[in-house]
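Worksheet: one structure, shown below.
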Amino acid sequence: MLKPLLAALAALTFAVPIAAQAQDAPSYAQGQPSYASGELNVHGRIVNFDGAYALQVRDEQGYIDNVQLHQGTIINPTGLTLQPGMVVSILGYNAGPYFAANEVDTPYTYYGGVPWYGGHPWNYWGPSISLGFFFGNPGWWHGNYFGGGFRYVGGARVYNNVRIGSVHTGGQFRGRDYVAPASRGGYYPSRSPQQRSVQAPHDDRPHG
């Protein structure tokens, strides 16, 4: 009788921290449940971009976050084409299956149409360079201006009573999406995912 009781207690002991960890994972992180709400700030590195609206970002806590841009999302610097490998700080909110991006800040500066950082083209700094190397240089990401405390929910920093309108002007809210004109850094892709060409599958079968 004592053995089954001890086994049940041991299982319960291990289950409690596991459940607590699960509550820290946001819904937009692949395979994780939803618990985050409010204005969020994600730091990470782009691992995939479809060239229109869908991003995947490996955040500083190791989650792969599904991020969705919209027309009018602010991208700094203006005119930057996001690419896998780029370091980003994203302001937005939890929209359930994805993180809705209202602003994407990067540490890069244009020289001759090429993004640079620290005297080198952006891709000089490979994935082995820690995120702390970039985020230790304040001023390019808006989250450090908030001043107040934050807590982590999965890989996102959750701030209290902060909205993107507090740090950026020139756009307007449409629902929870902040929409800025192109002249203020608003993102307007040249073509939507529906307009992207789809290559027909190759058929290896012999034709008579």
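Nothing in this text is a laboratory measurement; each read-out follows from the coordinates by a stated rule. Quick caveat, the model's predicted, so the values are computed rather than measured.
Structural remarks
- Relative contact order (percent, whole number), region 71-160, Cα cutoff 8 Å, 6+ residue spacing: 23
- Cα pair distances exceeding 23 angstrom across region 39-185, given as percent: 30
- Phi angles of region 86-100 translate, via the Karplus equation with coefficients 6.51, -1.76, 1.60 and θ = phi - 60°, into HN-Hα couplings of 6, 8, 9, 10, 10, 9, x, 8, 7, 9, x, x, 8, 8, 7 Hz per residue; Gly and Pro are given as x.
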